[in-house]
Every structure is written in C-alpha cells, then in structure tokens.
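Novice: Before I ask anything, let me first share the structure, which is written out below as structure tokens.
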Amino acid sequence: MKPILKHPIIIAISLLLASCNSYEKLTYLQDIEITEDQNIFEKNKPGYKIQAGDLLYVHIITENQEINQLFNPLMSASSSQNLRPESLFYTGYLVSDSGYIEMPLLEKVHVSGLNIDLLQDSIKQRAFKFLKNPQVIVKLANFKFTVLGEVSSPGVKQVTANQVNIMEALAYAGDITYNGNRKKILLLRQTEKGTQSYRINLAKGNIVASNLYYIMPNDIIYVEPLNSALFREQASDYVFVISAISSTLTALALILTIIQ
C-alpha cells in the first residue's frame, strides 16, 4: 500500500509547487507596502520635454474675433471635429527637425527642449507684442505610446490624458497574457539625444515610487515571453517533426510489408 499512497502525495506536492510558481509569474506588485493613511508613495514623474516630431495644440484667445480667426483659422467653437486626433494632425503645429513651429505673426518659435508650461509662457510673451491681453493654451496633441510582445492587444495607443502610468499603459493593451514575463519588461524611451533603454520588474512594489512608473510620449513597451512559453513553442515544433518522421517511417514499413 505504501507505494500506492506515495502517488497522491507526490501529485499534491507537484500541484502545490505549480500553483506557487504560477502566482509568482502572474501577480503584479507582490511585495508592495500597504500605506493606508500613514504614508504615501511620492509622485516621481520625469518632466517631458518637447522634441522634433511632436504635434502641439496651440490656441490663442483675444477679445478680437478677427485676431482669433487669424491665429486659429481652422478652429471653431461650434465644431468638435477639429479637436479629434486625426483633425489635429492638420490643425496643430508639428515640431520640425530643427525644433521650431511656425505661427501667424509670431513666425518661428523654438520649442524643442521646453516643457508645456515653459512653452506656454514663451508663446504668451511673444503674443503680448502684437495682441492685447492674449490667453494662450498649449497641449501635447499626440500623446502616444507603443505596446508590443505578450499582451492581448499590441499596437500604438493614442490617449488624451496628460499622464499615463505603466499599469494603465498595459491596460490599454488588454493586459499581459498568461505567457508574458511580468518581471522582464523592456522600456525604450525617445529623447532629444537618442534612445534610452530600461528594464522594469512589475512583480516588485518599488516600481510605484520609481521614475519609470509614469511613461512618456513615444515610449515603446515590450513584454517578453516566459521561458516556459518558449519551451512549449519549441516542444510543439519538435513534436510535429517527430510525428511527421514517425508517420513517414510507419508508411514506409507498411509499404515494405506489402511488397514482401
């Protein structure tokens, strides 16, 4: 009876170990501290600086409707269509490779390397030379990022929010699949000088306090597959090859038997 009793015990232990392994692989922020009301995770968001290729929404408002039309020729209060991302491609201001945008009367404005607040102040100072009490609104019109790899819905994501964290970015992509490695996520970040690369471990709670918690416009997020997923893919290929060889050998053996 003893050998027979060993099998259920072995099976139970194997299932327990497998479930623990699955928990570690599939759970986010496993060791995150519970702050409740006594403490907080301080916001550590890096400031985004405008760069070539960005699309800016700039709206200058004055008391003179004719001047408003001059600065915003394609914008009208009665048309919400002009505020859509596809419309802003034509009505917004595209930052040139040299870091400038061109506006009526204000001509060339250098914007590269500035954040939104500084750019808004810069345009307002220029506008004061030509206009009376101008109000200036500046927004980044193309906050987009790319999610690739083991997610349910990979692709380029365009959002209207002014900030997105890594958890929200993955939610836009339908979350990481069962085969995705939550401990090994590659983040590629575009800067004025080039591309920076980072590794993110979403199983660790310290990501919430990291400056990588908030993503930046034009970030690329790549979720790598688990090693076990790669093994299953390779194993299925090997099984197919072995099955094909086995079928061929069986057919040859049958043919030889018939001939003999």
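Novice: Using Cβ contacts closer than 10 Å as the measure, can you line up R199, R182, R126 from fewest to most?
Specialist: R199, R126, R182
Novice: Next up: Under 14 Å Cα-Cα from K144, which aspartates and glutamates qualify once same-chain neighbours fewer than 8 residues away are excluded?
Specialist: D54, E86, E168, D219
Novice: Continuing with this model, one more query. Most exposed first by the Cβ proxy, i.e. fewest other Cβ within 10 Å, how do E224, E107 rank?
Specialist: E107, E224
Novice: Which peptide among 164-176, 29-41 comes first, and what is the full order, when sorted by highest mean count of other Cβ atoms within 10 Å?
Specialist: The most tightly packed comes first, giving 164-176, 29-41.
Novice: Now a separate question. When the Cα centres of segment 154-170 and segment 204-220 are compared, how far apart do they sit, in Å?
Specialist: 12
Novice: With 10 angstrom as the radius, rank K45, K193 by how many other C-beta atoms surround their C-beta, starting from the fewest.
Specialist: The most exposed by this proxy come first: K193, K45.
Novice: Further, regarding this structure: Beyond a 22 Å Cα-Cα separation, which of these cross-linked pairs lie in this structure: K49/K204; K45/K204; K25/K45; K129/K193?
Specialist: In this structure, K49/K204; K25/K45; K129/K193 exceed 22 Å between Cα atoms.
Novice: Please tell me the relative contact order of segment 140-221 in percent, rounded to the nearest whole number, where contacts are Cα pairs under 8 Å and at least six residues apart.
Specialist: It rounds to 35 percent for segment 140-221.
Values in this text are rule-based calculations from the coordinates and carry no lab data. If you're wondering where the values come from, they're calculated on a predicted model, not measured in any experiment. Counting neighbours? That spans all protein chains shown, and the Cβs are built from the backbone with ideal geometry, glycine included.
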